[in-house]
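The values are calculated or read from the model by the stated rules, or taken from the named source; none is laboratory data. In this text, all values refer to a predicted model and were calculated from it rather than measured experimentally. Neighbour counts are summed over all protein chains in view; Cβ atoms, including those assigned to glycine, are modelled from backbone coordinates with ideal geometry. Surface areas here come from the heavy atoms of the whole protein model, side chains and all, with no ligands, DNA or RNA. Shrake-Rupley method; radii C 1.70, N 1.55, O 1.52, S 1.80 Å.
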Amino acid sequence: MTTKQWMVMAVALLSGELAWAQPATKDVLDPVVVTATRTPLPVSQVVADVTVITREEIERQAAGTVVDLLSRVGGFQVARNGGPGADANVYLRGGETRHIAVLVDGVRIDTQNVSGGASWQLLNLSQIDRIEVVRGPVSALYGSDAISGVVQIFTKKGKGPASVDLGISAGDFGFLKADASLSGASGLFDYAVSASKERSDGFSALNNAKAGTRATDRDGYSTSGSHLRVGFKPVAAHRVEASVMQQHLHSRYDSNVTSRDDYGVRDLNNLKLQWNAQWLDSWSSQAALTQSSDRYGTPLTGYLTRTDVDTASWLNEFKWGAHSVTAVLERREDTLKNSEVVLSGTKGEGERSDDGLGLGYAWRAHGTAFQVNGRTDWDSEFGDHSTGSIAVGQDIADRWNIHASWGTAYRAPTLYQRFSKYGNAALQPETSRNAEVGVRYHGGGAELGLTVYDNHVSNLINFPATTTTPCSQSAPSFCYSNTGQARLKGVALSAGASMGPVRLSGSMDFGSFKNTLNDLDLQRRARRQASLRMDTDLAQWTLGAELLAVGRRFNKDGVGPLGGYTVVNADALYRLNAQWRVLARIDNIADKKYENAQTYGTAPRTAIVGVRWTPGL
């Protein structure tokens, strides 16, 4: 897109949708979120930059993973080495993948292998009920990882009479998907159980594959998952919950060995036991024990790595009038098992632990919101590390609000970065300092948001110059090192409105994500990105279309330009009756050929048709 086209779209988001919005009979419901403060709060009272992705939006995606869904959410950019089963990098406000704290129902998802971060390709959409996104540094609430934000995924919680939801879909490239769920409540118990399976023949991951080699074949995938969540409420003020989730992925990929059909196998398993208690009208608490296990292997090469993350937390909230105080005690233990770990003292295994204490205070009254948080983490490897944040919001006119915040955050090095054959035991945590200001409008059937942010990241960990020469004192350039500095700044726009029967929503991001030591753009991050969604109801139909426009990027810092691209998708939902509905979706209607990682392909035009049945029991 040209600069003029980008500006036209920005003006439409800023003014056009508000001007054309038709007054609604009542405002959009004010959803309750928990991720921004770790306690339930209506989103209208949250000072942070928050987005809630609903189950309806998730169902429209039809296939793929959380990566595909987030690629059209404001502030996010993605790069993937092939199809849905391939490794993916997810960038939020220009930060690295490892700079996003990811939770599933409060269970921390992370890896200690290589650069770290969640295994996004394992986060299947079938088990997800909603997603909350908080942008900006949130380490004062969550400790390590939350330099650019937090993504928390929530699965379905049982309530009311027993309900069944069954779905099956099929599409191009041999795509097949089936999922089923059962949820409800009976007496003192509530329950939700689900299972899914998905597969595709895929497409060739490499664009430059040599004819006649294995690299030209299709790189398909298959994935399966299951989830069980059970709650027990013996009295009105107490609830105990246990949950277990399992995800399995088998995906093919193209390596530099052209005679071999390589594939990887990845498993993610989560466990949680949680107790919520309301001791007094002014005092509530939550105690939780969680575990996540991420295992990845390539059977043809013999490579195997596993990360276990165990946490124990106790959160308390005290309220009186317009005031509230929160206090959290948290312990986190990370373990990495990998044959390339050689510097930890125990060959093939590394571990670290972190004990955190966090305090927060909030005051909300008379159109003013004030929130301050502080946290100190005592790390077994780095000693103590303190982070903090302060935020204020003010209603300035009918339906208008301004807000500003400042905060610090950090990310501890992965165990692989410190103890592998390329490791550096002297690595220090990456740190950040962020300031932002914004304005919001909400009401009359329209929403508008504008946020300006500036995030300085220090001690960025750079990767080795090569992965064939082990790290040593005589060859320090082949070691991980804290030699990077980055400045991530930008302007984020979002808008939504109704124009008669048509609903519009969109976002636009203008950013500058640079390595301040050489003034080069960070890899695979565009300076401009925009998304636009339009849908309408016609009798039993809901018709929708969406556009994603991504600007020019570089495959590496300032090197290997990747051209900008625009893709258009369309979807349609037809309700046969109260129990049956049919969904059809076409991605990349124009069959646009583009790359978000150099030499790696992206999906061509793809059509999917599915049917869902929700019978009453």
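Residues are listed down the side, and each one gets a yes or a no for (1) acidic (Asp, Glu); (2) open to solvent by 20 Å² or more (accessible area, probe 1.4 Å); (3) within 23 Å of the chain's Cα centre (by Cα):
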{"position": "563", "(1), (2), (3)": "no, yes, no"}
{"position": "566", "(1), (2), (3)": "no, yes, yes"}
{"position": "573", "(1), (2), (3)": "no, yes, no"}
{"position": "582", "(1), (2), (3)": "no, yes, no"}
{"position": "587", "(1), (2), (3)": "yes, yes, yes"}
{"position": "590", "(1), (2), (3)": "no, yes, no"}
{"position": "593", "(1), (2), (3)": "no, yes, no"}
{"position": "599", "(1), (2), (3)": "no, yes, no"}
Q: Kindly indicate whether any position in the stretch 413-426 is in contact (Cβ under 8 Å) with a residue 40 or more places away in the chain, part of a strand (DSSP E or B), open to solvent by 20 Å² or more (accessible area, probe 1.4 Å) and not hydrophobic (A, V, I, L, M, F, W, C).
A: no
Q | Cross-chain or 6+ apart pairs with Cβ under 6 Å, the stretch 19-41 first and within 26 Å of residue 323 (Cβ to Cβ), then among the polar types (S, T, N, Q) and modelled with pLDDT of 90 or more | A | 35/152
(Q) Please verify whether residue 547 is at pLDDT 95 or above, open to solvent by 40 Å² or more (accessible area, probe 1.4 Å) and in contact with an Asp or Glu (Cβ under 9 Å, 6 or more places away or on another chain), treating the condition exactly as stated. (A) no
(Q) Quick test for you: out of 311, 335, 301, 307, pick the one residue that is assigned to a loop (DSSP other than H, G, I, E, B) and farther than 25 Å from residue 235 by Cβ. (A) 301
Q: Keeping to the stretch 430-439, report how many residues are touching an Asp or Glu at 6+ places or on another chain (Cβ under 8 Å) and not acidic (Asp, Glu).
A: 3
Q) Any residue in the stretch 346-360 that is open to solvent by 60 Å² or more (accessible area, probe 1.4 Å), assigned to a loop (DSSP other than H, G, I, E, B) and farther than 25 Å from residue 379 by Cα? A) no
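Okay, residues lined up against (1) buried (at least 20 other Cβ atoms within 10 Å of the Cβ); (2) free of Cβ contacts under 8 Å to residues at least 40 places away in the same chain; (3) part of a loop (DSSP other than H, G, I, E, B); (4) acidic (Asp, Glu):
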{"position": "58", "(1), (2), (3), (4)": "no, no, no, no"}
{"position": "77", "(1), (2), (3), (4)": "yes, no, no, no"}
{"position": "85", "(1), (2), (3), (4)": "yes, no, yes, no"}
{"position": "90", "(1), (2), (3), (4)": "yes, yes, no, no"}
{"position": "94", "(1), (2), (3), (4)": "yes, no, yes, no"}
(Q) Out of everything in the stretch 18-55 that is at pLDDT below 90 and touching a helix residue (DSSP H, G or I) at 6+ places or on another chain (Cβ under 9 Å), what residue ends up being surrounded by the fewest Cβ atoms within 10 Å (Cβ to Cβ)? (A) 30
Q | Residues located in the stretch 386-401, provided they are free of Cβ contacts under 8 Å to residues at least 60 places away in the same chain and closer than 19 Å to residue 428 by Cβ | A | 386
Q.
Anything in the stretch 247-261 that is modelled with pLDDT under 70 and of a type in the set (D, E, K, R)? List them, or say none.
A. 260
(Q) Can you list the strands (runs of 3 or more DSSP E) lying wholly within the stretch 154-248 that have 1 or more residues being out of contact with any strand residue (DSSP E or B) (no Cβ under 6 Å at 6 or more places or on another chain) and in contact (Cβ under 8 Å) with a residue 12 or more places away in the chain? (A) 175-186, 189-203, 219-235
Q | Every residue from the stretch 108-153 that is open to solvent by less than 10 Å² (accessible area, probe 1.4 Å), of a type in the set (S, T, N, Q) and part of a helix (DSSP H, G or I) | A | 139
Q) On the given criteria, is residue 552 of a type in the set (Lys, Arg), open to solvent by 20 Å² or more (accessible area, probe 1.4 Å) and at pLDDT 95 or above? A) no
Q. Tell me, which residue of the stretch 459-482 that is part of a strand (DSSP E or B) and open to solvent by less than 40 Å² (accessible area, probe 1.4 Å) is modelled with the lowest pLDDT?
A. 475
Q) Quick one: residue 253 ticks every box in (1) more than 22 Å from residue 102 (Cα to Cα); (2) without any contact (Cβ under 8 Å) to a residue 40 or more places away in the chain bar one, so which box is it? A) (2)
Q. Yes or no: residue 547 out of contact with any strand residue (DSSP E or B) (no Cβ under 9 Å at 6 or more places or on another chain), farther than 30 Å from residue 428 by Cα and of a type outside the set (Gly, Ala, Ser)?
A. no
Q.
For the stretch 493-520, give me the residue count where each residue is hydroxyl-bearing (Ser, Thr, Tyr) and either open to solvent by less than 30 Å² (accessible area, probe 1.4 Å) or within 25 Å of the chain's Cα centre (by Cα) (or both).
A. 4
Q) Can you tell me how many residues in the stretch 102-127 are β-branched (Val, Ile, Thr) and in contact with a Phe, Trp or Tyr (Cβ under 7 Å, 6 or more places away or on another chain)? A) 1
Q. In the stretch 430-446, how many residues are crowded, with 21+ Cβ neighbours inside 10 Å and in a loop (DSSP other than H, G, I, E, B)?
A. 0
(Q) I'd like the full set of residues that are touching a helix residue (DSSP H, G or I) at 6+ places or on another chain (Cβ under 8 Å) and of a type outside the set (Gly, Ala, Ser), limited to the stretch 378-400. (A) 381, 387
**Q.** Complete set of residues in the stretch 145-164 that are touching a Lys or Arg at 6+ places or on another chain (Cβ under 7 Å) and of a type in the set (D, E, K, R)
**A.** 145, 157
Q) Any residue in the stretch 98-107 that is outside any strand (DSSP E or B) and surrounded by fewer than 24 Cβ atoms within 10 Å (Cβ to Cβ)? A) yes
Q: Among the candidates 529, 523, 485, single out the residue that is part of a strand (DSSP E or B), within 24 Å of residue 460 (Cβ to Cβ), open to solvent by 40 Å² or more (accessible area, probe 1.4 Å) and among the polar types (S, T, N, Q).
A: 485
Q.
Return the pair list, or none, for Cβ contacts closer than 7 Å from residues in the stretch 443-457 that are at pLDDT 95 or above to residues that are open to solvent by 10 Å² or more (accessible area, probe 1.4 Å) and not in a strand (DSSP E or B), at least 6 apart or on different chains.
A. 453/93; 455/93
